[in-house]
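So the structure is just underneath, and the comments pick up after that.
The values are calculated or read from the model by the stated rules, or taken from the named source; none is laboratory data. Predicted model only: the values in this text are computed from it and were never measured. Methodologically, a virtual Cβ is constructed for each residue, glycine included, from the backbone with ideal geometry; neighbour enumeration extends over all protein chains shown. Ligands, DNA and RNA are stripped out before the accessible areas are found, and what is left, the full protein with its side chains, is counted by its heavy atoms. Shrake-Rupley method; radii C 1.70, N 1.55, O 1.52, S 1.80 Å.
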Amino acid sequence: MSGFAYVVTRSGVRALDAHDAIGLRRGFVWIHLTSRDEEVQAWLRDVAKLDRFTVEALTALETRPRCDQINGGAVLNLRGLTHAAMRSSDPLASIRLYAEGVRVISVTRLPLDAVDVARAASEAGDVRDAGDLIATLAEAITEQLDPQVADLGDSLDSCEEQLDARQAFELRRNVNIVRRQAIGYRRFLYPQRVALEKLSALPVRWLSDDDRLHIGGAADRAARMAEELESIRERAALIHETLTDLRAEVIDQRSLVIAVAAMVFLPLTFITGLFGMNVQGIPYDDHPGSFWVITAFSVAVAAAVTFYFVRRHWFR
């Protein structure tokens, strides 16, 4: 088990080990743990003395953004960007927090980029209580996600500008990548907005009006990004349909050319087959100019059939 802790008192901010910070009762304490094993569960249960529900919420394998009030504290799950490799269907790492007035215990299984922002804010003295820490994390998560969502929209704009049946395969692949990423982000941003809105409305003393304002702003930003991702998903589906239609149109045009060519050569095939039979009695078989007469007649028939299709605008 690895982690860190910060203790904020009137004299300043101190960085401590998680084991040393758990027993402190003066000032504000933030304890962060990073682990994938059962050691965290034992530490939270036996050392931090948390109840069973809180321990399970902080160490669950699969989590969605949520917020639950427990007595005077709250359990909060959020999702944010990570530099670790993630699945396209699950692109965001989770952070689980148990917040009280003077203590916050957070747990991550993968390194969360927003935690670095919160650590820098703590070391700078900008985090004084649980409300400040949660507001900092919520704002950092939404600020880091906003450019990612904007990049997805820009990628889709580029695909729309390059709509061409000749590039259908490459464009379809790019659109599918954007669509999968948008669905993966949207899956967590909607419940994250709800969790942040619920948190900002909790009747707890350790959330100041300024904290509620910042958390509400992060919730609004998450809602806007979720709406943008929904728009991206719908646009991606529309582009995919357009590419399919363009591809079908190209196939129809090529099939039309093949059909016209077949119609041009069908009577020629009949003529050449008729006069090419190896039987007695074919007219003018011994005439010296019969070959050129049949050739000229075949060319005339081909020209007439082609002129007919041109007049009927089959080539447009």
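Determine the order of Arg312, Arg212 by accessible area, beginning with the largest, at a probe radius of 1.4 Å.
Putting Arg312, Arg212 in descending order of accessible area: Arg312, Arg212.
Could you compute the FRET efficiency for Leu213 and Leu16, with r as their C-beta to C-beta distance and R0 at 25 Å, rounded to 0.05?
For R0 = 25 Å, the calculated efficiency reads 0.25.
Calculate, axis by axis, the spread of Cα positions in region 87-202 along the three principal axes, and write the results as whole Å, longest axis first.
Result, largest extent first: 62, 27, 26 Å.
Determine how large the accessible area of Thr9 is when every protein chain is in place; take a 1.4 Å probe and give Å² rounded to the nearest 10.
Surface accessible to solvent at Thr9 totals approximately 40 Å².
Taking the alpha-carbon centroid of each part, what is the distance from region 122-160 to region 282-296 in angstrom?
Between the Cα centres of region 122-160 and region 282-296 lies a distance of 85 Å.
Return the FRET efficiency for the residue pair Gln69, Arg128: r is the Cβ-Cβ distance, R0 is 22 Å, and the value is rounded to the nearest 0.05.
On the way: r = 22 Å, r/R0 = 0.99.
Here the calculated transfer efficiency is 0.50.
At a probe size of 1.4 Å, how large is the accessible area of Leu213, to the nearest 10 Å²?
120
Projecting each Cα onto the charge dipole of the chain (Lys/Arg +1, Asp/Glu -1 at the beta carbon, about the Cα centre), which of Trp30, Ala42, Ala138 comes out farthest on the positive side?
Going by the charge dipole, the pick is Ala42.
Accessible area of Arg221, 1.4 Å probe, to the nearest 10 Å²?
Accessible surface of Arg221 is approximately 80 Å².
Mind putting a number on the dipole of region 197-316 about its Cα centre? Charges go on the C-beta only, +1 for Lys and Arg and -1 for Asp and Glu, and I need it in Debye to the nearest 20.
Charge dipole of region 197-316: 260 debye, to the nearest 20.
For the chain, with all protein chains present and a 1.4 Å probe, just round the carbon and sulfur fraction of the accessible area to a whole percent.
That fraction is 55 percent.
Within region 230-292, list the chymotrypsin sites (Phe, Trp or Tyr not before Pro) lying in a DSSP loop whose Cβ has at most 13 other Cβ atoms in a 10 Å radius.
Tyr284
Kindly point out which whole DSSP H helices in the chain project their C-alpha atoms 27 angstrom or further along the helix axis while averaging a Kyte-Doolittle hydropathy of -1.0 or above. Don't jump to the answer; show the numbers that get you there.
Values: long enough: 130-161 (47 Å, -0.01); 168-200 (46 Å, -0.42); 209-275 (99 Å, 0.29); 290-311 (31 Å, 1.64).
Long hydrophobic helices here: 130-161, 168-200, 209-275, 290-311.
Between Arg87 and Glu170, how high is the FRET efficiency from 1/(1 + (r/R0)^6) when r is the Cβ-Cβ distance and R₀ = 22 Å? Nearest 0.05.
Efficiency at R0 = 22 Å is approximately 0.40.
How many times 2.2 N^0.38 Å is the alpha carbon radius of gyration of region 248-299?
1.64
Calculate the all-directions average of the projected area of region 2-246's alpha-carbon convex hull, and give it in nm².
Mean shadow area of the hull around the Cα atoms is 13.6 nm².
Order the following by accessible area, largest value first: Met225, Met277. Probe radius 1.4 Å; ligands, DNA and RNA are ignored.
Met277, Met225
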